[in-house]
Structure formats: C-alpha cells, structure tokens
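To start, the structure under review is shown below, and the notes come after it.
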Amino acid sequence: MDELKQYLNALSAAEKIAFEASCGTTINYLRKAMSKGQILGPELCVLIEKSSNGAITRQDLNPERWRKIWPELEVSANEKPVNYGANA
C-alpha cells in the first residue's frame, strides 16, 4: 500500500478532506490500516480507486486477492482501462 501512502502524503489539507468525504472514511483510519498491514475491504478499495481518479487501483490495494475479488479487472490487451477523469 505504498502507493496509497504516497498519494495521501501528496494531498493538500483541502484535498484530504474531500478524499475522506468521497471514500466515507478518514485519512487516520487509512494510515492505521497501512501501519498494521490490514487488508481494506472491497467496497473501500473501489471508493479509493474512484476518489483518486484511478491513481490508486484496487490491484494496488489488494495485490494478493484482486483477481479473485474482481475477476473483471483482468484487462485484455485490446481493452482500455477505466478512466475516472472528468471526461469519463
């Protein structure tokens, strides 16, 4: 979850507040989970991916089990990955 830690550290105070609201959790909870090596729930992983506009992916957050939880994420070479940007 190093990607999440780096992402959170790069956010401004206002961005952190917006991120927390969008994810339905707190930065402190996420930092505690990271420090304890906890696995985040599937729903929270999806919210983090969407709230970060894809900067942090479900694969980043759950590298051991993402294929089992989200088999639809196995993107073939011909498919485009999901874009969570403003134009999506």
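The values are calculated or read from the model by the stated rules, or taken from the named source; none is laboratory data. Remember, it's a predicted structure, so these values are computed and weren't measured experimentally. Please note: Cβ atoms are built from the backbone with ideal geometry, for glycine as well, and neighbour counts cover all protein chains shown.
Here's the yes/no breakdown for (1) touching a Lys or Arg at 6+ places or on another chain (Cβ under 9 Å); (2) touching a residue at least 12 places away in the same chain (Cβ under 8 Å):
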| site | (1), (2) |
| --- | --- |
| Ala21 | no, no |
| Tyr29 | no, no |
| Ser35 | no, no |
| Ile39 | yes, yes |
| Ser52 | no, yes |
| Ile56 | no, yes |
| Gln59 | yes, yes |
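Results for (1) over 27 Å from Pro71 (Cα atoms); (2) assigned to a helix (DSSP H, G or I); (3) under 9 Å from the mean Cα position of the chain (by Cα), shown as yes or no for each residue.
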| position | (1), (2), (3) |
| --- | --- |
| Tyr7 | no, yes, no |
| Phe19 | no, yes, no |
| Leu40 | no, no, no |
| Leu44 | no, yes, yes |
| Glu49 | no, yes, yes |
| Ile56 | no, no, yes |
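Could you check region 52-67 and list, in sequence order, the residues that are under 15 Å from Ala18 (Cα atoms) and surrounded by fewer than 19 Cβ atoms within 10 Å (Cβ to Cβ)?
Asn53
Pull up region 66-81, narrow it to residues that are among the aliphatic types (A, V, I, L, M) and within 19 Å of the chain's Cα centre (by Cα), then point me to the one that is modelled with the lowest pLDDT.
Per the stated criteria, the residue is Val75.
Quick one: how many residues across region 23-51 are of a type in the set (Lys, Arg), over 15 Å from Leu73 (Cα atoms) and either in contact with a Phe, Trp or Tyr (Cβ under 7 Å, 6 or more places away or on another chain) or buried (at least 18 other Cβ atoms within 10 Å of the Cβ) (or both)?
The qualifying residues number 0.
For the condition of a type in the set (D, E, K, R) and surrounded by fewer than 14 Cβ atoms within 10 Å (Cβ to Cβ), what is the one hit in Glu3, Glu74, Glu20?
Going through Glu3, Glu74, Glu20 in turn, the sole match is Glu74.
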